[in-house]
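So the structure is just underneath, and the comments pick up after that.
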Amino acid sequence: MTVNDWDILLVDDEEEFVQTLAERLNLRGLACRVAFDGESGLQMIEERVPDVVVLDMFMPGINGLDVLKLIRTRHPSVQVILLTGHEVDQDGMNAAKLGAFDSMTKPLSIDELTARMSEAVKAARS
Amino acid sequence: MLGDLFTRRFRVLQADGESISPERYESLKHKIACLMAVVTLLPLLVMAVIIYAENQANTAREANNNQRALLDKNRATIDLFLAERASTVAFISEAYGFQELSDERNLGRIFQVMRKNFDGFVDLGLIDSKGRQVSYVGPYDLKGRDYSGQEWFARVQASGKYISDVFLGFRNQPHLVIAMRHVTESGESWILRATLDTRQFDSIISAMGLKPGSDAFLVNREGVLQTTSSLYGNVLKPCPLPLPPVSFEARVIPIVAPGGGELYLSYASLPNTDFMILSVRPRVGALTAWYNPRWDMLAIFVSGVAVIFFVVFRFTGFLLGRVRESEERRALAFRQVEHSQKLSSLGRLAAGVAHEINNPLAIINEKTGLMKDLLGLGEDFAEKARLVAQVEAVLGAVERCRGITHRMLGFARRMDVKIESLNLNEVVDETASLLSREAELHNVSLVMDLDPDLARIESDRGQLQQVILNFLNNALAAIADRGSINVKTWNQDPSHVGLSVADNGCGMSEETLKCIFEPFFTTKGVKGTGLGLSITYGIVKRLGGDISVKSRERSGTTFTIILPVAAPASAAMEARCS
């Protein structure tokens, strides 16, 4: 399993952040799709089911937790890594209940993110 | 009105969230004590005054009644004395004719019978209608005396009966005359005249049993003494006392003595004469029955007042002490709640700020990361190393910002609580090891006095590390150079353990001590956030412990925490939820 065949979807309303993150991942050989809100993220999932979705928790419209809930319902194999602006006990608890693979706090360490993506891809494909 | 006054004077007791100063409590204590004393003593005082006056009046009334009764009795005695003798003289004048009485042998025999039966007779004489004494029996040579020019002769001629005032007369001895005029059917008249020794009155008066300072005597209607007075002079001297009005009923009036002093004067007129019997008694003597127990009553009253004052002051002090304790507990609880609310509000604010900052920080992080990636992938150029260094610096700054926001989130107290069984000594050792190098650099010795038998506790290792780290950091900051930090643990009691961190650094002032647990209070200037001890306070409280601090300027500071052996229910619940 190489990073080249990972199918990653990044969903975040902070366009600058998510595009830059996608570019950095591309530099590491990961081809990522990008969505700027929950609805388009769900649409892109329907178009092609990814291995891992990196999902911001707080977004306008459908928020990250709702998107997570729908993914769990429709595509149980997809692993979700939740991104939060801050660590919140209640959010972490909700994420665990809804079945997120992991959660990370911004700003991210790119190496840590790729490490967790790797584990998530393994989980998705197992 | 009284209610308003009370409300105004005691509004200090109304709760306003502020504790009451000791001075105001002292003032309040005095006000309440005075009010209670006034409320208690005023009726007592009024009652005492009424009883005092009533008792005095009763005593005076009783004394006056006694004096009046005694006077009445003596008035009757004197009156009877005179009436008996007047009747005797009248009887003889009726029973015997002029011829019989003009014979001195007959007159002498009659006189002997009179003296035998009635004391006081001095002599007896028969006086014809022209005023000449025809016959006389007695110690003086008065036969043949002519009384026609004397006033008493005219009066007895006019009224038929006469009892004189006391006078000296020819014999120059105080005496009194009883004269009876007899008129025969033929119109012939004569007068039988007897004189009485007035010392008989003295005998009657002395039998009254007068108290010392008292006196009794007879006066005529001109106020001339008819008997000798021990206080106001001999017989026939004018009496200096004001002459009361004629009254045949005994009366008592208060007067002022000529030489000063209050007297009770009792008086009564004798019906058959112009005499009035007077009796004086000093007011003080009359009220002896009241004066003597007066001091006892006053002593009892004063003792009662003293006891009331003592009880009122002690009881008020006790009650206000309890109120004060309660008020202080309330104020402390209020401050703790206020502090908790402040921390909670700041926690929510910190969480919001952290979230808002973390998003742009994430963009900076990613952009800078991308720049670094691109620089790493691209070809070398002249300033590449310098540019990479700049990018690294930006990333370092981002990391610092991240640390700050995470600490702010820590302040929000939303870090996971992980309750586990742990040995506090191990946590102290682990944490102290983090700062051992810094302590060496500052020439500070870390002295560990850890109880090897310290009980294991259920608590949060990470948060305890944060607390201990904070104490040690503060201790290091307080020691400029060369010093020692003493860390001690002990078993406080079977259910609590204690930990103290003591330094011999600069210490803190009283003012600083009051504020050190307040958020954003710092003595480190721009280097400190002012959140360290606030967070520590919050953590210790969350873990069910207590925190205290003692400090003296230039001597050092000791932080002490007492932790429960068993985790509190709230912390355990939080741990389960997270």
**Asked** If the cut-off is a Cα-Cα distance under 28 Å, which lysines reach residue B:211, setting aside same-chain residues fewer than 8 apart in sequence?
**Response** B:73, B:237
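Quick check: convex hull over the Cα atoms of region B:155-206, volume per residue in Å³, rounded to an integer? It would help to have the intermediate numbers written out before the result.
Details: hull volume 4.5 nm³, N = 52.
Normalising the Cα hull of region B:155-206 by residue number yields 86 Å³.
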**Asked** Hey, can you rank A:67-79, B:297-309, A:13-25, B:54-66 by average C-beta count inside 10 Å, highest first?
**Response** A:13-25, A:67-79, B:54-66, B:297-309
**Asked** Among the listed pairs A:69/B:367; B:116/B:161; B:514/B:541, which are separated by more than 25 Å between their Cα atoms?
**Response** A:69/B:367
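Share of antiparallel DSSP beta bridges in chain B, in percent to the nearest 5?
Values: 73 of 79 bridges.
Antiparallel bridges make up about 90 percent of those DSSP assigns within chain B.
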**Request:** Can you tell me the equivalent ellipsoid semi-axes for region B:224-276? Use √(5λ) from the Cα gyration tensor, largest first, whole Å.
**Result:** 19, 16, 8
**Fill in**
Computed from every Cα-Cα pair in region B:416-577, P(r) in 5 Å bins starting at 0 and rounded to whole percents is 2, 9, 18, 22, 21, 15, 9, 4, 1, 0
**Prompt:** Excluding residue B:56 itself, what net charge comes from residues whose Cβ is under 13 Å from its Cβ, given Lys and Arg +1 and Asp and Glu -1?
**Reply:** 0
**Item:** Mean Cα-pair separation over length for region B:22-286, i.e. relative contact order, pairs under 8 Å, 6 or more apart, %
**Value:** 17 percent
**Complete:** residue B:72 and residue B:377 label points (each 7 Å along its Cα→Cβ direction) are spaced in nm at 14.2 nm
**Prompt:** Averaged over peptide A:100-106, how many Cβ atoms belonging to another chain are found within 10 Å of each residue's Cβ?
**Reply:** 3
**Message:** Tell me the volume per residue, in Å³, of the convex hull enclosing the alpha carbons of the protein assembly as shown.
**Reply:** 323 Å³
**Request:** Per DSSP H run of n ≥ 4, the term is -39500 (n - 2.57); total these for the protein assembly as shown, divide by its residue number, and report the mean residue ellipticity at 222 nm rounded to 500 deg cm²/dmol.
**Result:** -17500 deg cm²/dmol
**Prompt:** Hey, got the Cα dimensions of region B:122-270 along the principal axes, in Å, largest first?
**Reply:** 59, 30, 25
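List the relative contact order of region B:416-577 as a percent without decimals, with contacts defined as Cα pairs under 8 Å and 6+ residues apart.
Value for region B:416-577: 25 percent.
For the ranges B:159-171, B:317-329, what's the packing order if you count other beta-carbon atoms within 10 Å of each residue, average per peptide, and put the highest first? It would help to have the intermediate numbers written out before the result.
Values: B:159-171: 16.7, B:317-329: 13.0.
Descending mean neighbour count gives B:159-171, B:317-329.
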**Request:** Please list the radius of gyration and Dmax for region B:22-286, considering alpha-carbon atoms only, with Å as the unit.
**Result:** 28.1, 114
**Asked** Where both partners of a DSSP beta bridge lie in the protein assembly as shown, what percent of those bridges are antiparallel, to the nearest 5?
**Response** 75 percent
**Length-normalised contact order for chain B - Cα pairs under 8 Å, 6+ apart - percent** = 9 percent
**Request:** Calculate the length of the line joining the C-alpha centroid of region B:108-187 to that of region B:27-105, in whole Å.
**Result:** 37 Å
**Complete:** Among GluC sites (Glu not before Pro) in region B:187-272, those in a DSSP loop whose Cβ has at most 16 other Cβ atoms within 10 Å are B:188, B:222, B:249
**Asked** Straight-line reach from residue B:384: which aspartates and glutamates have a Cα under 16 Å away, not including same-chain ones fewer than 8 places off?
**Response** B:373, B:392
**Request:** Just the ratio, please: alpha-carbon radius of gyration of region A:3-125 over 2.2 N^0.38 Å, N its number of residues.
**Result:** 0.93
**Asked** For region B:206-245, what log10 I(q)/I(0) values come out of the Debye formula at q = 0.14, 0.15, 0.32, 0.35 1/Å, with one point per alpha carbon and no solvent?
**Response** -0.29, -0.33, -1.12, -1.21
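What helices does chain B have that are whole DSSP H segments, at least 24 Å long along their own axis by Cα, and with mean Kyte-Doolittle hydropathy of -0.5 or more?
Once both thresholds are applied, what remains is B:22-95, B:288-377, B:384-411, B:424-441, B:461-478.
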**Message:** Can you list residues from other chains, or at least 5 along the same chain, whose modelled amide H is less than 5 Å from the amide H of residue B:140?
**Reply:** none
**Item:** Dipole moment magnitude, nearest 20 debye, chain B about Cα centre, only Lys, Arg, Asp, Glu C-beta charged
**Value:** 1080 debye
**Signed unit charges on C-beta, dipole axis of the protein assembly as shown, positive-most listed residue B:235, B:558, B:37** = B:235
**Asked** Thinking of chain B as a set of Cα atoms, what percent of all their pairs are more than 48 Å apart?
**Response** 57 percent
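Every read-out reported here was derived from the displayed coordinates using simple, explicitly stated rules and does not represent laboratory data. On a predicted model such as this, the values are computed, not experimentally measured, just so you know. Positions of Cβ are generated from backbone atoms using ideal geometry, with glycine treated the same way; all protein chains shown enter the neighbour counts.
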